[in-house]
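The values are calculated or read from the model by the stated rules, or taken from the named source; none is laboratory data. The structure displayed is predicted, hence computed values, not measured ones. A quick note on method: Cβ atoms are made from the backbone with ideal geometry, for glycine too, and the neighbour counts reach across all protein chains shown.
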Amino acid sequence: WDIGPGGYQLGNFPESFLEWNDRARDDMRRFWRGDAGTTGALADALSGSSPIFSRHGRQNTRSVNFLAAHDGFTLYDLVSHEHKHNEKNGESNRDGHNDNHSWNNGFEGLTDDPVIGAARIADVKALLSTLFVSRGALMLTAGDEGGRSQQGNNNAYCQDNEISWVDWSSLSRELIDHTAFLASLRKRFDVFSGTGFFSGHGDVTWLAPAGEPMTTADWERPIAQAFAMVLSTLDRETGADAELAVLINRSREIVPFTLPGDGWSAIGTDFGNPAFLPARSVVFYLRG
């Protein structure tokens, strides 16, 4: 809660504090919702929000990166509701945050439609992938790894019932397996353990779909749909230096993507190179 004017102090807390990075949360949400002009903001979030946390000459990110918390939409509700549904809280839906940067994939609320359901699962997987490759500490709310819903209620503090309870038997095995894969990826590559900021001198490269470094025009393109973050890292599985490419496609169409040079192999997928990135996806390639 902000304490009056000037109460919002993200990045200004003393060194011993880690800080919930709601700026990165909103930027990740807005990018995947399809908001224009959010590519650079997403890159900042993936990089540990250095414009915020490097202030005052600090060298390390203290960002706690998250997409959802105990207060607000669950991750699955984020891609299933454009609006909050807090009527059962008894305040005529006046309570809870109104600006959630959410979307519903064509239908408001839970549905048995298999096409909409598949789109929502794909979106949750993409959001989780984005979170797990971001620099900083991660926070994941229990149940979000499996698609838990609160029926669109984003202020369920007063609901000690099936709205707020986690029904572990109903969680998605596909999402749980994907989260486990992402956790293993984060553990395998030491770039995700670093607390410093990227220097831009050999540790990270940003690529456009043609495989060339992104230009100012690429960054400023309002509806840029796909790009890659290529990270220099130690592969703890082999003990060798490697390059890990994180390819991001937020469009609803397949996007051809070329990685420079040879020797790339997909991790967790069977896509070739040039890669045809599936719609609404994050795909990983390794070289080295």
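Picking from SER134, SER199, SER129, SER164, which residue would you name as being more than 20 Å from the chain's Cα centre (by Cα), closer than 30 Å to SER54 by Cα and outside the structural domain of ASP235 (by TED's automatic domain parsing)?
Criteria check complete, one pass: SER199.
For THR215, indicate whether it is surrounded by fewer than 17 Cβ atoms within 10 Å (Cβ to Cβ) and either within 18 Å of ARG135 (Cβ to Cβ) or modelled with pLDDT of 95 or more (or both).
yes
Look at the range 169-209 and say how many of its residues are out of contact with any Lys or Arg (no Cβ under 9 Å at 6 or more places or on another chain), at pLDDT 95 or above and over 24 Å from ILE121 (Cβ atoms).
7
Here are ALA142, ALA183: which of them is surrounded by fewer than 17 Cβ atoms within 10 Å (Cβ to Cβ), outside the structural domain of ASN249 (by TED's automatic domain parsing), in contact (Cβ under 8 Å) with a residue 12 or more places away in the chain and more than 19 Å from LEU78 (Cα to Cα)?
ALA183
Looking at (1) within 14 Å of LEU42 (Cα to Cα); (2) modelled with pLDDT under 95, which is the only condition THR258 fails?
Single failed check for THR258: (1).
Could you please find all residues in the range 236-288 being closer than 19 Å to GLN225 by Cα and of a type in the set (Asp, Glu)?
Across the range 236-288, the qualifying residue is only GLU253.
Can you name the condition, by its number, that ASP77 falls short on among (1) surrounded by fewer than 22 Cβ atoms within 10 Å (Cβ to Cβ); (2) touching a Ser or Thr at 6+ places or on another chain (Cβ under 8 Å); (3) of a type in the set (D, E, K, R)?
That leaves (1) as the condition not met.
Output the strands (runs of 3 or more DSSP E) that fall wholly within the range 144-252 and possess 1 or more residues being charged (D, E, K, R) and under 26 Å from TRP264 (Cβ atoms), or say none.
Hits in the range 144-252: 226-235, 240-249.
In the range 149-176, which residues are among the acidic types (Asp, Glu) and surrounded by 12 or more Cβ atoms within 10 Å (Cβ to Cβ)?
Passing the criteria: only GLU174.
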